[in-house]
1. Given the stretch 1-77, report the % of alpha carbon pairs whose separation exceeds 17 Å.
2. Antiparallel versus total DSSP beta bridges in the stretch 47-202: what percent is that, nearest 5?
3. Excluding same-chain residues fewer than 8 positions from Lys301, which aspartates and glutamates have a Cα within less than 17 Å of its Cα?
4. When only C-alpha pairs under 8 Å and at least 6 residues apart count, what is the relative contact order of the chain, in percent?
5. Taking the stretch 112-225, how many lysine pairs are there with alpha carbons less than 30 Å apart, if each pair must be eight or more places apart or span two chains?
6. What order, most packed first, do the peptides 178-189, 90-101 have when packing is the mean number of other Cβ atoms within 10 Å of each residue?
7. For the stretch 248-310, state the average projected area of the convex hull of the C-alpha atoms over all orientations, rounded to one decimal in nm².
8. Report, largest value first, the span of the C-alpha coordinates of the stretch 219-285 along each principal axis, in whole Å.
Amino acid sequence: MEINGLPIIHHDGYVCEFPIRHRFAMRKFHGVLRFLKTDNVISMKQVLEPSAIDPDFLKLVHTPDYVERFLSGNTSVEEQRLTGFQWSTGIVSRCRLETGGTLLAGQLAMEHGIACSTGGGTHHAFPSHGAGYCLLNDLAVTAAVLFKECQVKKVLIVDLDVHQGDGTACIFSDNCAVFTFSMHSEKNYPLKKQMSDMDVGLVTGITDKDYLAHLHSYLPWLLESFRPDIVLYDAGVDPHEKDELGKLNLTDNGLFQRDFYVINLCVSRGIPVATVIGGGYDKDINMLALRHTIVHRAAIKVWQSRIMGG
């Protein structure tokens, strides 16, 4: 596929009709693309629209029963309460598009080295149920489809959202071809943690310097020892000092250094990387959307210096 610059995956359907005061600020997805365009970080020639994920692909990681009940609106009130969302056809559509977006980012990363979605990171979804604003596990589905299509033999999931990637860890707990790495706030949701292949639980209030030191001490070793064919990177911004749920104290610059480090380290070793935006919570939706563009700005810098040789 011919691409004019770093591939950016976006669909207006990432947003559906939704309560405006809900903790999950869904309108941020439109804001991410808007800031990337108005700040001249990208042009629309770089933006590709995903298709809704095939239900059969969902069944590679989710139980057929759950997939069918979710798609048809037959999940229970209690199941919906656990996710934080009331079921609607709009929710189904946006989740399928968002998961399709992560898959397209993975496929394009394999072809071009880096690709970034403006959504994704729904790592709390388990095989048979959703949880914590996550209904379909886009990272797990993407890994599973890349395996099915024989594009990869090993996948490393680097999850730097402030909350542990518990659903992803559960899904791949018995799969040695996927390595799950989660670096998160230890005293935060979920209360009951799963066992990732590597968990780094961080103390409350950690700042840029110590956070980055932890990352630098683990990631090079993981890339060298596991040697993945692709890295799926969850660049959640909820470790930010102003995040309402994060409990960590990273600055904008700290997040940029984090994202640049991950992407640059992968690309420098010839490992494709696909990024998703993960979690972030702020009543100021414009500030939140702008914060979520940090990963795209970091990816652009790597793209220009390493992929394009600029």
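Values in this text are rule-based calculations from the coordinates and carry no lab data. These numbers come from a predicted model, not from an experiment. Methodologically, a virtual Cβ is constructed for each residue, glycine included, from the backbone with ideal geometry; neighbour enumeration extends over all protein chains shown.
1. That fraction is 64 percent.
2. Once the DSSP bridges in the stretch 47-202 are tallied, antiparallel ones form about 10 percent.
3. Asp39, Asp252, Asp259
4. RCO, the chain: 20 percent.
5. For the stretch 112-225, the number of qualifying lysine pairs is 7.
6. Final packing ranking: 90-101, 178-189.
7. 4.7
8. For the stretch 219-285, the Cα extents along the three principal axes come out at 39, 17, 16 Å.
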